[in-house]
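Q: The structure is given below, and queries will be raised subsequently.
The values are calculated or read from the model by the stated rules, or taken from the named source; none is laboratory data. Note that this is a predicted model, so its numbers are computed, not measured. Positions of Cβ are generated from backbone atoms using ideal geometry, with glycine treated the same way; all protein chains shown enter the neighbour counts. With ligands, DNA and RNA removed, areas are computed over all heavy atoms of the protein, side chains included. Shrake-Rupley method; radii C 1.70, N 1.55, O 1.52, S 1.80 Å.
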Amino acid sequence: MACDITVGKAKICKDGQGGLKFCGFVNDGEITGYTYDVTNTDMIATVTGTPDLFKWVLSKSTNNAETTFVTSDETGSSYFESVITLTFPKLDVVTQKEIKLLVAGNPKLVLGDNNNNYFLFGKERGCSVTGGTMTSGTAMGDLSGYTLVLTAQEAVPPNFIDASSEADLTTAGFTIVTA
């Protein structure tokens, strides 16, 4: 693998926003392959297999994803660790059952941000639920619900998906399953 930089970076416009607006889980093993964009191998054009994408509606301003680049000169290794924190208000039996399945499983995770970017986390190794809470809150206005912390460690950062809307995810090969 060549390690030489191949392009420069121009000054960007200040028109981006933080935050997430879409979350979907795919069971491990449902994606059997990937086709990449011809001009950009960091973008997944389509997935193969029969991946159901189970959409979970996100609350505003309570979710985030952060990917850390982990490198070591001593071992000559590098990888990317993504930590995703998701909040789901309201305690209920159905959500609790699904969270137990997520904790036991190794799902892949599709996230959409407020800039209409869609990403696949855990492409090769899946995501692990590494923490979270079930809370009733203390005061009337506190969260009564769940938080999940998922971690993915991969050789490459989360791939972009060739989609700019939820509808485009179906074109990319996902079947979106809603409540």
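Q: Tell me the residue from Lys60, Lys90, Lys97 that is open to solvent by 50 Å² or more (accessible area, probe 1.4 Å) and within 17 Å of the chain's Cα centre (by Cα), please.
A: Lys60
Q: Follow-up. Could you tell me whether Thr41 is surrounded by 10 or more Cβ atoms within 10 Å (Cβ to Cβ) and under 22 Å from Val177 (Cα atoms)?
A: Considered against the rule, which asks whether it is surrounded by 10 or more Cβ atoms within 10 Å (Cβ to Cβ) and under 22 Å from Val177 (Cα atoms), Thr41 comes out as no.
Q: Oh, and also: Using beta carbons and a limit of 8 Å, which pairs, at least six apart or on different chains, have the first residue in segment 165-179 and part of a loop (DSSP other than H, G, I, E, B) and the second one open to solvent by 60 Å² or more (accessible area, probe 1.4 Å) and among the hydrophobic types (A, V, I, L, M, F, W, C)?
A: Ala179/Val57
Q: Being at pLDDT 95 or above, closer than 23 Å to Lys21 by Cβ and open to solvent by less than 30 Å² (accessible area, probe 1.4 Å), is that true of even one residue in segment 65-81?
A: No, that holds for no residue.
Q: Going by what's in this entry, would Glu98 be described as in a loop (DSSP other than H, G, I, E, B), under 18 Å from Asn27 (Cα atoms) and charged (D, E, K, R)?
A: No; evaluated as a whole, the condition is false for this residue.
Q: Kindly establish whether Phe25 is touching a residue at least 24 places away in the same chain (Cβ under 8 Å) and closer than 22 Å to Asp162 by Cβ.
A: Answer is yes for this residue.
Q: Any idea how many residues of segment 10-30 are within 13 Å of Lys60 (Cβ to Cβ), surrounded by 10 or more Cβ atoms within 10 Å (Cβ to Cβ) and out of contact with any Phe, Trp or Tyr (no Cβ under 6 Å at 6 or more places or on another chain)?
A: So the answer is 4.
Q: Within segment 122-142, track down each residue that is touching a residue at least 60 places away in the same chain (Cβ under 8 Å) and either open to solvent by 40 Å² or more (accessible area, probe 1.4 Å) or over 15 Å from Ala65 (Cβ atoms) (or both).
A: Gly126
Q: Go through (1) open to solvent by 80 Å² or more (accessible area, probe 1.4 Å); (2) touching a residue at least 24 places away in the same chain (Cβ under 8 Å) and name the single condition Cys3 misses.
A: (2)
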